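The structure under discussion appears below in the form of structure tokens.
The values are calculated or read from the model by the stated rules, or taken from the named source; none is laboratory data. These figures come from a predicted structure and were not determined experimentally. FYI the Cβ positions are ideal-geometry reconstructions off the backbone, even for glycines, and counts take in every protein chain you see. With ligands, DNA and RNA removed, areas are computed over all heavy atoms of the protein, side chains included. Shrake-Rupley method; radii C 1.70, N 1.55, O 1.52, S 1.80 Å.
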Amino acid sequence: MSEWHAIMYPIRPGTEHQVRELFENVVLPRRRVYDENGDVLGELLSTMVFVGPGRALRLIEFTGALQWIVGHLRGEPTAARFQQQLNQFLDLPDGAARGPAFFGDAALGRVPLASQ
């Protein structure tokens, strides 16, 4: 069964076009997450991004535990480059997006609907 995770990025007003282009041209990281023995721990299934006035929302669908996915992304050079590029458009104090606290604060919790 897959899970979803969302991150809301506050972006500087007027940078929506650049942020949209950055996401449109992103090089996605490897999809599968492996342990030290080469066994699959999880997989990134899909990503969606929405950009609007002053904010961007990224949704990821994955299998496995969120901490495995996050650890995988931290170790991916393409993800690190993307985050550095995105940082220039974020409406945050300098350096705030580099720390783990940002991702904890920016994460949105999924609310299961009663009809699902």
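Find the residue count for the range 32-55, including only residues that are among the small types (Gly, Ala, Ser) and within 17 Å of Arg110 (Cα to Cα).
Looking only at that region, the number is 1.
Select from the range 1-16 the residues that are over 21 Å from His72 (Cβ atoms) and β-branched (Val, Ile, Thr) and write down the one among them that is modelled with the highest pLDDT.
Result: Thr15.
So Leu41 fits all but one of (1) touching a strand residue (DSSP E or B) at 6+ places or on another chain (Cβ under 6 Å); (2) in contact (Cβ under 8 Å) with a residue 40 or more places away in the chain; what number is the exception?
Every listed condition holds for Leu41 apart from (2).
If I ask for residues that are under 14 Å from Leu86 (Cβ atoms) and open to solvent by 30 Å² or more (accessible area, probe 1.4 Å), which ones from the range 1-16 would you list?
Met8, Pro10, Arg12, Glu16
Have a look at Val19, Val40 and point out the one that is β-branched (Val, Ile, Thr), crowded, with 16+ Cβ neighbours inside 10 Å and at pLDDT 90 or above.
Val19
For residues that are at pLDDT 75 or above and loosely packed, with under 15 Cβ neighbours inside 10 Å, tally how many sit in the range 86-104. Let's see the steps before the verdict.
First pass over the range 86-104, keeping only residues at pLDDT 75 or above: 86-92.
Filter once more, so that each one left must be loosely packed, with under 15 Cβ neighbours inside 10 Å: 88, 91.
Total meeting the criteria: 2.
Among the numbered criteria (1) at positive phi; (2) touching a residue at least 60 places away in the same chain (Cβ under 8 Å), which one does Ile7 miss?
(1)
Test Phe62 against the stated conditions and say whether it is crowded, with 17+ Cβ neighbours inside 10 Å and of a type outside the set (Lys, Arg). Please lay out each step first, then the result.
Working: crowded, with 17+ Cβ neighbours inside 10 Å: yes; of a type outside the set (Lys, Arg): yes.
So Phe62 passes the test.
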